[in-house]
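Okay, structure first, notes after.
The values are calculated or read from the model by the stated rules, or taken from the named source; none is laboratory data. Note that the structure is predicted; figures quoted are calculated from it, not measured. Cβ coordinates were reconstructed from backbone atoms using ideal geometry, including for glycine residues, and neighbour counts include every protein chain displayed.
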Amino acid sequence: MAPNQAAIAWTRTLLELPAGSGDRFQEEWKIVERRVDTVHRTPVSHEIEPAGAPRLDVPDE
Amino acid sequence: MSEPCDLSLTDAAAAIAARGLTPADLLESTLTRVERVEPRVQAWARLRVEEARREARRLTELQERGTLLGPLHGIPMGAKDIFYTAGTETACGSRIMEGFVPAFDATAVARLRERGAIIIGKTHTTEFASFDPSPARNPWALDHTPGGSSSGSGAALAARMCHGALGSQTSGSIVRPSAFCGTVGLKPTFGRVSRHGVHPLAWTLDHPGPMARTVRDVAVLLEAIAGPDANDPATLSAPPPPAYAALLDGADDAVRGIRIGIPDRYFLDDVDPEGEELYRTALRVLETLGCGPREIRLPTEFEAGMEAHEIIHNVEAAAVHVDRYRARSGDYGAKLRAIIETGLQIPAPTYVRAQQIRTVVIRRLRNLLREVDVIATPAALGPAPAGLASTGSPVLNRPFSFTGFPSITVPCGFTEAGLPIGLQIAGRPFEEATILRVAAAYEAATGWGERIPSL
């Protein structure tokens, strides 16, 4: 599956990224695509809380 | 003839405590070594020669008056160039950070200094601790990588240019360069050592930690830098760190009965034959020490977890860099650019799901570590690869960065070509003492770390 050019262009505009950003690194994209696919094919219950939950013992600034 | 710079950190500290060696003399020995080998090794991004000499004179005066600041009094050390050092440039191996001089020390740096250490310089890092290499070379073979991202820390230690160093690991950046350079590196449990003042690569995966030439030296350094820090919330809920070095003073049979987990897959899938043979020999040594190796079955989600790690890594790195990238994308190396650009496009629900898989793998691995006390694997796929364009693969270290569990590497032999190989030992969260004990017993039984590269 090729990267979604419309989504890339939207992100580029939204984040004011440099021209061409997201259009490069075709080989890396293939690897990322496989990883995204693997992550979504792995069954995970909605009751599993993501790692990196907020820490409430943060001291005042 | 052996010089003070050849002493282990522990032996140098003991000599200073006994007034058999002054901080000034130890520093001069170290600087002479630096002068001789640094042009070939290129471990240092910058040296603080005059500042270090001033500090050594002050520490020598204190020593003469019978005052030692702590267990690191007068010990020359390096700090990876992503650790903030007050008044000394911290460029993170990047053109973007050139000229950045922090106003404060990273917590780990401050704790080393409070205990008397002399930071003699900043060691080379790959760009922002990612994958674009630094000029550092492997002291065992100058045309090979020292590994990364703590490249200069590993190289400087192997070349006897410092007695200890700070490194950091997001995937394999402490354990891999330590293994490639024939030294010892410990990636602590997430939350054991403060990240404050360490430039982030990926916040939830970053682990600062100690690197040195012996297991005991690493224990001494961990003891110095570990513990709660109000500036890093991850450290606040961690149990208090024990006196790691003293725990190594136990009886000779301190590891008898330790159960060693041997993973059923993944960790040997792509290991080269020489590396695998040395790993199997190391397991036999552990068995002779009274440890009980047994196979463990990795959870079914394990491989998906490794893909999830990369998703988290790319997304968080993209978030760290997006503002600078907007203005100066051309000043980034190709490898980090690819990470940022792909990270910016990964859907948010994918990132969250990757963090959920992380929770699952952490639980499963914690369960596995009820069956065994530690897990032993090769520290890398083989010796340091030839060439300087790549720093090698972190795949064997990544599982413990992903889960946040502690891991250590200790030298376990050399290839026919004379390159070091490391044995990785991982353990339960906050049980660094156990992996240190196993590594120390193995080190004492074999002595592979005593070899010195012929520079």
| field | For residue B:245: the one exception among (1) outside the structural domain of residue B:206 (by TED's automatic domain parsing); (2) part of a helix (DSSP H, G or I) | value | (1)
| For segment B:366-389, does any single residue satisfy the condition of being within 30 Å of residue A:20 (Cα to Cα), touching a residue at least 40 places away in the same chain (Cβ under 8 Å), surrounded by fewer than 22 Cβ atoms within 10 Å (Cβ to Cβ) and within 14 Å of another protein chain (Cβ to nearest Cβ)? | no
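Quick check on residue B:329: is it free of Cβ contacts under 8 Å to residues at least 40 places away in the same chain and either outside any loop (DSSP other than H, G, I, E, B) or not basic (Lys, Arg) (or both)?
Numbers: free of Cβ contacts under 8 Å to residues at least 40 places away in the same chain: yes; either outside any loop (DSSP other than H, G, I, E, B) or not basic (Lys, Arg) (or both): yes.
Against the criterion (free of Cβ contacts under 8 Å to residues at least 40 places away in the same chain and either outside any loop (DSSP other than H, G, I, E, B) or not basic (Lys, Arg) (or both)), residue B:329 qualifies.
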| Does residue B:235 fit the bill of being surrounded by 19 or more Cβ atoms within 10 Å (Cβ to Cβ) and polar (S, T, N, Q)? | yes
| Inside segment A:9-56, can you point out the residues that are over 21 Å from residue B:308 (Cβ atoms), crowded, with 18+ Cβ neighbours inside 10 Å and among the aliphatic types (A, V, I, L, M)? | A:17
| Count - residues of segment B:157-210 that are of a type in the set (A, V, I, L, M) and closer than 26 Å to residue B:344 by Cβ | 4
| query | Among the residues of segment B:278-320, how many are farther than 29 Å from residue A:41 by Cβ and either without any contact (Cβ under 8 Å) to a residue 40 or more places away in the chain or in contact with a helix residue (DSSP H, G or I) (Cβ under 8 Å, 6 or more places away or on another chain) (or both)? | reply | 13
| request: Among the residues of segment B:407-437, count how many are of a type in the set (Asp, Glu) and over 28 Å from residue B:361 (Cα atoms). | output: 1
| How about segment B:402-427: which of its residues are within 29 Å of residue B:314 (Cβ to Cβ) and out of contact with any strand residue (DSSP E or B) (no Cβ under 8 Å at 6 or more places or on another chain)? | B:402, B:403
| remark: Taking segment A:22-55 and keeping only residues that are without any contact (Cβ under 8 Å) to a residue 12 or more places away in the chain, assigned to a loop (DSSP other than H, G, I, E, B) and either in contact with a Lys or Arg (Cβ under 9 Å, 6 or more places away or on another chain) or facing chain B (nearest Cβ under 8 Å) (or both), one is left with A:24, A:25, A:42, A:44, A:48, A:49, A:50, A:51, A:52, A:55
| Do we have any residue at all in segment B:266-281 that's surrounded by fewer than 16 Cβ atoms within 10 Å (Cβ to Cβ) and either within 9 Å of chain A (Cβ to nearest Cβ) or assigned to a strand (DSSP E or B) (or both)? | no
| task | Run residue B:4 past the list (1) assigned by TED's automatic domain parsing to the domain that holds residue B:197; (2) surrounded by 19 or more Cβ atoms within 10 Å (Cβ to Cβ) and report the number of the one that doesn't hold. | result | (1)
| query | Do you know which of the residues in segment A:9-21 that are part of a helix (DSSP H, G or I) and of a type in the set (Ser, Thr, Tyr) is nearest to the other protein chains (Cβ to nearest Cβ)? | reply | A:11
| said: Quick check on my filter: what residues within segment B:55-77 are buried (at least 16 other Cβ atoms within 10 Å of the Cβ), touching a Lys or Arg at 6+ places or on another chain (Cβ under 7 Å) and not in a helix (DSSP H, G or I)? | reply: B:69, B:71, B:72
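Tally up the residues in segment B:241-296 that are of a type in the set (Lys, Arg) and touching a Gly at 6+ places or on another chain (Cβ under 6 Å), please.
Let us first name the residues in segment B:241-296 that are of a type in the set (Lys, Arg), namely B:256, B:259, B:265, B:280, B:284, B:294.
Next cut, touching a Gly at 6+ places or on another chain (Cβ under 6 Å) only: B:256, B:259.
Of the residues in that region, 2 qualify.
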| message | Given the options B:234, B:254, B:318, B:238, name the one that is within 14 Å of another protein chain (Cβ to nearest Cβ) and part of a loop (DSSP other than H, G, I, E, B). | response | B:238
| request: Return the only residue of B:288, B:359, B:342 being surrounded by 15 or more Cβ atoms within 10 Å (Cβ to Cβ), over 20 Å from residue B:190 (Cβ atoms) and polar (S, T, N, Q). | output: B:342
| request: Just give me the residues in segment B:331-365 being at the interface with another protein chain (Cβ under 8 Å from one of its Cβ atoms) and not hydrophobic (A, V, I, L, M, F, W, C), in sequence order. | output: B:337, B:341, B:342, B:345, B:347, B:350, B:353, B:355, B:356, B:358, B:359
